[in-house]
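Data first, discussion second: the structure below is written as structure tokens.
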Amino acid sequence: MKKLLYLFLVIPLVFASCSKEEDDNNNSPTTVSGCTDPDAVNYNANANSDDGSCLYDITGVWETTSAVLNGTNILDGLDLIYIWDDGDIGTETYDNSGNMTSYALGTGVSGGTGTNIINWEGTVYPTGGTEYQAYLTINVGIMTNNNNMTWEYVDYPTEQDTYVKTLVRSNTYSLSDWK
């Protein structure tokens, strides 16, 4: 009788340990690569390994925190970039006293599939000056989150110049604030 009782006690332990081994072998963590940032437009809730593929919606208002031309920060006042979902891009530039010095409005078109290039064409309206047409090519830096980006202007103002703006998503202004 004791042998039978031991048998009934030991058999469940054997099966339980086999079951545990099988679970360990079959449920090893699977790496799912993808975008793990919930603020990204291509967020993958199943991803557990960020592969650097996150893409962000740039629609909204961006404040320029620095505008570096050939190594010198030329930002003097407030510079706002407005980006609408239809491709229109506008800017408003203000001096340190809060007076608008210029604004521009035009359309940005992607430089092609898989690129971060924006080709912008529009009109610049300087305060107290004559409006003029402008054409810009902008290389949007890789965004590491939803609230920061860099723009590097290509051949602007001339081919020899390096002009880079650092932008942060505005918490103060909205698209309805456009001039």
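None of the figures in this text is laboratory data; all of them are computed from the coordinates on show. Quantities reported herein were computed from a predicted structural model and do not represent experimental measurements. Here Cβ is always computed from backbone atoms with ideal geometry, including for glycine, and neighbour counts include all displayed protein chains.
List of remarks:
- Hz values of 3J(HN,Hα) by residue in the range 74-87 - Karplus curve (6.51, -1.76, 1.60), Gly and Pro given as x: 9, 5, 9, x, 9, 10, 10, 10, 9, 10, 8, 6, 8, x
- Amide H contacts for Asp88 (H built 1.01 Å from N in the peptide plane; partners 5 or more residues away or on another chain; cut-off under 5 Å): Gly108.
- Between Thr158 and Asp51, the FRET efficiency from the beta-carbon distance, with R0 = 30 Å, is close to 0.20.
- Near the amide H of Tyr56, within less than 5 Å, lie the amide hydrogens of Val41, all on another chain or at least 5 residues away, with H placed in the peptide plane.
- Karplus 3J(HN,Hα) series, Hz, for the range 163-179 with 6.51 cos²θ - 1.76 cosθ + 1.60 (x for Gly, Pro): 10, 10, 10, 9, 10, 10, 4, 6, 9, 9, 10, 10, 4, 6, 7, 3, 1
- Viscosity 1.306 mPa s, 10 °C: Kirkwood-radius Stokes-Einstein D of the range 91-130 over Cα pairs, µm²/s: 135 µm²/s
- Close amide H pairs (under 5 Å, H built 1.01 Å from N) link Thr65 with Thr166, Leu167, Val168, residues at least 5 positions away or on another chain.
- Using θ = phi - 60° and Karplus 6.51 cos²θ - 1.76 cosθ + 1.60, couplings along the range 36-50 (whole Hz; Gly, Pro as x): 9, 8, x, 7, 7, 6, 10, 4, 10, 4, 8, 6, 10, 9, 6
- Gyration tensor (alpha-carbon) shape descriptor, the range 60-172, a/c threshold 1.5: rounded
- Surrounding net charge for Met149, when Lys and Arg each add one and Asp and Glu each subtract one, Cβ distance under 15 Å: -4
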